[in-house]
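This report concerns only the one structure given below.
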Amino acid sequence: MSDSLVIIPTFNEAHNIGRMIDQIQSLDIGIDTLVIDDGSPDGTADIVRSKMTDKNGVFLIEREGKQGLGTAYVAGFKYALEKGYTYICEMDADFSHNPEDLPRLIESVKSEGADIAVGSRYSQGISIVNWPLSRLILSYCANLYARWITGIPIKDTTAGFKCIHRKVLEAIDLDRVGSNGYAFQIEIHFRAWKAGFKLKEVSIIFREREEGVSKMSKSIVREAVWKVWSLKIRSLVGSL
């Protein structure tokens, strides 16, 4: 078994997930893949099963209905800890995150002193391709807003491409993580930082998906707006 696992939540990613698994498997670092599928009606889980063998390190958790990003990652984190993985990665299935960047993220945690290595779109200017200006402004301002309120010492607080050392997840009470959209990423970064762990940004190029449909919604934005205040206040009163 590898010491590294990448967790990929999916909902209707049949156009992407097979190619993504193949590219991860082709990396020379030896990393296992866990797909967490929320009942995709397009056959995403069937494609994952077709990629699974007894020895290739591809695994699948199927859940009933669309339960959200945050709960998918929490389920994946618990799986990773139970199975003994040391380096636990998050990434999207839609190729907005380049699987070839996984070795750099893992190496940053293995050898460069990071407890969480964050694949950052904003650590060296703006590294985003094919986003409309409105989406770029929303994301950039959201990160400024989250940093201003929480104090998290990274520029890309909402990044969903990262590697986390297992000791971070062991120190966080995962059952208290309450966010379920992109606010989940802010919450993980905030809880880790407040627990004394080191966050390091690794610059990546983020590309807008070419296949499938974005999961962004107004409810996800609203959750993020209010969640940062909740995290800050709970931290101040000692109830994080």
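Just so you know, in the range 134-170 the residues that are in contact with a Ser or Thr (Cβ under 8 Å, 6 or more places away or on another chain) and of a type in the set (V, I, T) include one that is farthest from K194 (Cα to Cα), and it is T158. Residues in the range 105-131 that are out of contact with any Cys (no Cβ under 6 Å at 6 or more places or on another chain) and closer than 16 Å to K167 by Cβ: S108, K110, S111, E112, G113, A114, D115, I116.
Residues checked against (1) open to solvent by 70 Å² or more (accessible area, probe 1.4 Å); (2) under 25 Å from K232 (Cα atoms); (3) of a type in the set (V, I, T):
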| residue | (1), (2), (3) |
| --- | --- |
| D115 | no, yes, no |
| G119 | no, yes, no |
| S123 | no, yes, no |
| I128 | no, no, yes |
| L144 | yes, yes, no |
| G151 | no, yes, no |
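Given the criterion at pLDDT 95 or above, within 21 Å of E187 (Cα to Cα) and of a type in the set (D, E, K, R), identify the matching residue among D101, D115. Residue meeting the stated conditions: D115. Take I17 and tell me if it is under 16 Å from the mean Cα position of the chain (by Cα), of a type in the set (V, I, T) and over 21 Å from I164 (Cβ atoms). For I17, the condition - under 16 Å from the mean Cα position of the chain (by Cα), of a type in the set (V, I, T) and over 21 Å from I164 (Cβ atoms) - is met.
Which condition from (1) in contact (Cβ under 8 Å) with a residue 60 or more places away in the chain; (2) under 30 Å from N12 (Cβ atoms); (3) within 18 Å of the chain's Cα centre (by Cα) is the one that A159 breaks? It fails just one condition, (1).
Any chance the range 202-210 includes a residue that's more than 18 Å from L144 (Cα to Cα), at pLDDT below 80 and open to solvent by 20 Å² or more (accessible area, probe 1.4 Å)? Checking the range 202-210: at least one residue is more than 18 Å from L144 (Cα to Cα), at pLDDT below 80 and open to solvent by 20 Å² or more (accessible area, probe 1.4 Å).
Taking the criterion of being open to solvent by less than 40 Å² (accessible area, probe 1.4 Å) and in contact (Cβ under 8 Å) with a residue 40 or more places away in the chain, the residues of the range 166-184 that qualify are V168, L169, L174, V177, S179, G181, A183, F184. Do we find that S139 is under 25 Å from T86 (Cβ atoms), of a type in the set (S, T, Y) and out of contact with any Lys or Arg (no Cβ under 6 Å at 6 or more places or on another chain) in this structure? For S139, the condition - under 25 Å from T86 (Cβ atoms), of a type in the set (S, T, Y) and out of contact with any Lys or Arg (no Cβ under 6 Å at 6 or more places or on another chain) - is not met.
The values are calculated or read from the model by the stated rules, or taken from the named source; none is laboratory data. Note that the structure is a prediction, hence the values are computed from the model and not measured. Because the Cβ atoms are built from the backbone with ideal geometry, glycine has one as well, and the counts that use them run over all protein chains shown. Note: accessible area is taken over every heavy atom of the protein model, side chains too, but ligands, DNA and RNA are not part of it. Shrake-Rupley method; radii C 1.70, N 1.55, O 1.52, S 1.80 Å.
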